[in-house]
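Visitor: Have a look at this one before I ask anything.
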Amino acid sequence: MSYIPFPDISPEIFSVELFGATFALRWYALAYIAGLLIGWRLVLRMIRSDRLWTFGAPMTEDQLERLLTWVILGVILGGRLGFVLFYQPSHYLAHPLDALKVWEGGMSFHGGFLGVMVAVIAFCLRERISILPVADLLAAATPPGLFLGRIANFINAELWGRPTTLPWGVAFPGEAAQTCPGIEGICARHPSQLYEAALEGIVLFAILAILIWRRGWLRWPGAVTGAFLAGYGCARFLVEFVRQPDAQFVTPGNPLGLAWEIGGYGLTMGQILSLPMILLGLYFMLRARRTA
């Protein structure tokens, strides 16, 4: 069987020893930082482009700088809280202090998305600015961060896919990745992180860029937000078919790790959380076009 060996890339870019403790800069942290900075520059460019707006940009450059702080808090707090509540509630209910150990990993996109939503709504109400146009700006700036985050997932050898015999299957390291029932020898898996990087990052960014810069969708508040929600939801829903489910959902009677199942068919937790995003995205797009 042909497969691609996992590249020998350390999850840590560098580490330093200070006062007996080790502090490391990891690729995942760098992905968050770079994604936020790239998103900030993209939003700044859209704010400065008068041709994209009918009545002018929804906020000033000073307001954008203040919003960045709110978004960072929303991503971190929402992402961690979402992982705790959606994926391992029983563990953290028994060990509540573990929820504070963000350095051990465990972030949920859906939780981070909800955290950003709350942060944006609170900020807009405080600043007395329209919510939907600001949401459109942030939606358009999110795919680069998703792309970098998924690349970091690949480097960390986490969130890999189900076993596959396809020639681009990757032999991820570690006992968990190499434990594949019914497979002897090397177990190759779908590089689902790269699938998501392509769909959620590159493809979704290209679609939103065309809608904004060629179709003028920023003139219809909520339209870009809807396109992002529907696009991300569809991409995540599809990749879930080849993504290894979270361990807490896998049992001998449920090897596919379905969070909801009837008669052997069902949905993973990622698919369940993506369906409301798709429906909400379609609603926002239809609403924006009707009010145009």
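Visitor: Rounded, prolate or oblate: pick one for the range 81-223, where a ≥ b ≥ c are the square roots of the eigenvalues of its C-alpha gyration tensor, a/c under 1.5 means rounded, and failing that, prolate if a/b is larger than b/c, else oblate.
Guide: Taking the square roots of the gyration eigenvalues as a ≥ b ≥ c, the range 81-223 is oblate.
Visitor: In addition: Name the residue farthest towards the positive end of the dipole of the chain from the options Gly253, Thr142, Trp217, assuming +1 on Cβ of Lys and Arg, -1 on Cβ of Asp and Glu, about the Cα centre.
Guide: The listed residue farthest towards the positive side: Trp217.
Visitor: Name the shape class, rounded, prolate or oblate, that the alpha-carbon gyration tensor gives for the chain, where a ≥ b ≥ c are the square roots of its eigenvalues, rounded holds for a/c under 1.5, and otherwise prolate holds if a/b is larger than b/c and oblate otherwise. The partial results should precede the final answer.
Guide: On the way: a/c = 1.80, a/b = 1.50, b/c = 1.19.
It comes out prolate by the Cα gyration axes.
Visitor: Using a Gaussian network model on the chain with a 10 Å cutoff between Cα atoms, which of Phe113, Phe241, Phe55 fluctuates the most?
Guide: Largest GNM mean-square fluctuation: Phe55.
Visitor: Further, regarding this structure: Quick one: among Arg66, Arg243, Arg162, which has the greatest mean-square fluctuation in a GNM of the chain with alpha-carbon springs under 10 angstrom?
Guide: Answer for the Gaussian network model of the chain: Arg66.
Visitor: Looking at the square roots a ≥ b ≥ c of the eigenvalues of the Cα gyration tensor of the range 194-243, which shape do they give, rounded for a/c under 1.5, prolate if a/b is larger than b/c, or oblate?
Guide: Values: a/c = 4.61, a/b = 2.05, b/c = 2.25.
Since a/c reaches 1.5 but b/c is at least a/b, the shape of the range 194-243 is classed as oblate.
Visitor: Carbon and sulfur together cover what percent of the accessible area of the chain at a 1.4 Å probe radius? If you can, show how the numbers build up before the last one.
Guide: Numbers: 10670 of 15850 Å².
Carbon and sulfur together cover 67 percent of it.
Visitor: Report the relative contact order of the chain, percent, no decimals, based on alpha-carbon pairs under 8 angstrom and at least 6 residues apart.
Guide: The value is 19 percent.
Visitor: Also: Heavy-atom accessible area per residue, the chain, 1.4 Å probe: how many Å²?
Guide: 54 Å²
Visitor: Based on DSSP H runs of at least 4 residues, each adding -39500 (n - 2.57), what is the mean residue ellipticity at 222 nm of the chain after dividing by all its residues, to the nearest 500 deg cm²/dmol? Intermediate values should be presented prior to the final figure.
Guide: Values: 11 runs with 155 residues, N = 292.
Here the helix-only value at 222 nm equals -17000 deg cm²/dmol.
Visitor: While we're here: Report Rg (one decimal) and Dmax (nearest whole number) for the range 1-85, counting Cα atoms only, units Å.
Guide: Every Cα atom of the range 1-85 included, Rg and Dmax give 19.2, 60 Å.
Visitor: Let me ask something additional. Under 4.7 Å Cβ to Cβ, no partner at all: give me those cysteines from the chain, in residue order.
Guide: Cys124, Cys234
The values are calculated or read from the model by the stated rules, or taken from the named source; none is laboratory data. What you see is a predicted model, and the numbers here were worked out from it, not measured in a lab. Cβ sites come from the backbone with ideal geometry, for glycine too, and all protein chains shown count toward neighbours. Accessible surface is based on the protein model in full, side chains and every heavy atom, while ligands, DNA and RNA are left aside. Shrake-Rupley method; radii C 1.70, N 1.55, O 1.52, S 1.80 Å.
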